[in-house]
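Below: the structure, in structure tokens.
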Amino acid sequence: RNNVMKVLLGLLLIVGLVGCSNDKETSKTAGKEQTGDPVTSETLKVAYNSDPDTLDWSYTGATATRDVAWHIFEMLFALDKDYVAQPMLAQSYDVSEDGKTYTIKIREGVKFHDGSTLNADDVVASIERWSKVSSVGKTTTKYIEAVTASSESVVEIKLNTPYNSLIADFVAPKSALMI
């Protein structure tokens, strides 16, 4: 009983000391009083709890890789706020009546970091690589018969059997289909 009283007294002293702290010291940022106005800077520093082993988001689903790669690469489709796949680098897509042909129209005027323009051949190459290195891609490729560029801005995917999860697999954040 005596120890419990000592612990309670100690907690009360700590609360009292915190309550008496100087508010001016806690309201300063970088030596300036906070005014409520936004602070502008040219550098955003972000800390992660671990460094990614690789930036190859297709190869790994590791959280550290995904968190960084999400800000570097783009995908054909992305999840919206309701987790529904929406076109991103794709402009639109159609599925044939038999469910075995997907025709994906690529957005025009999309530039890579080097200034070159995204085209259907880039998408075909990305899908082919993804199907070899991604765990999701390896599963999906069992349903894919052919991936071709039918024009500069159209990709055609022929399936050997209907596979309703194709777009969901393309948008999966684990082992992503990066373009």
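Close amide H contacts of residue 144 (hydrogens built in the peptide plane, cut-off under 5 Å, sequence separation of 5 or more or a different chain): 160. Of the peptides 168-176, 93-101, the ranking by mean beta-carbon count within 10 Å, highest at the top, reads 168-176, 93-101.
With both labels modelled 7 Å from their Cα along Cα-to-Cβ, the residue 43 to residue 105 distance reads 4.5 nm.
Taking the accessible area of the stretch 81-130, probe 1.4 Å, and keeping the other protein chains in place, the carbon and sulfur fraction comes to 47%. Under 1.5 on a/c is rounded, so check that first for the stretch 89-137, then, if it is not, pick prolate when a/b is larger than b/c and oblate when it is not; a ≥ b ≥ c are the square roots of the alpha carbon gyration tensor eigenvalues. Because a/c hits 1.5 or more and a/b fails to exceed b/c, the stretch 89-137 counts as oblate. Per residue, the stretch 66-172 exposes an accessible area of 57 Å² to a 1.4 Å probe, with every protein chain left in place.
Which of the three applies to the stretch 81-179, rounded, prolate or oblate, going by the alpha-carbon gyration tensor with a ≥ b ≥ c and a/c under 1.5 meaning rounded? Here the stretch 81-179 falls in the rounded category.
The values are calculated or read from the model by the stated rules, or taken from the named source; none is laboratory data. Every value quoted in this text rests on a predicted model; they were computed, and no experiment measured them. Every residue, glycine as well, gets a Cβ built from its backbone with ideal geometry; the counts of neighbours run over all protein chains shown. These accessible areas exclude ligands, DNA and RNA; they are computed on the full protein's heavy atoms, side chains included. Shrake-Rupley method; radii C 1.70, N 1.55, O 1.52, S 1.80 Å.
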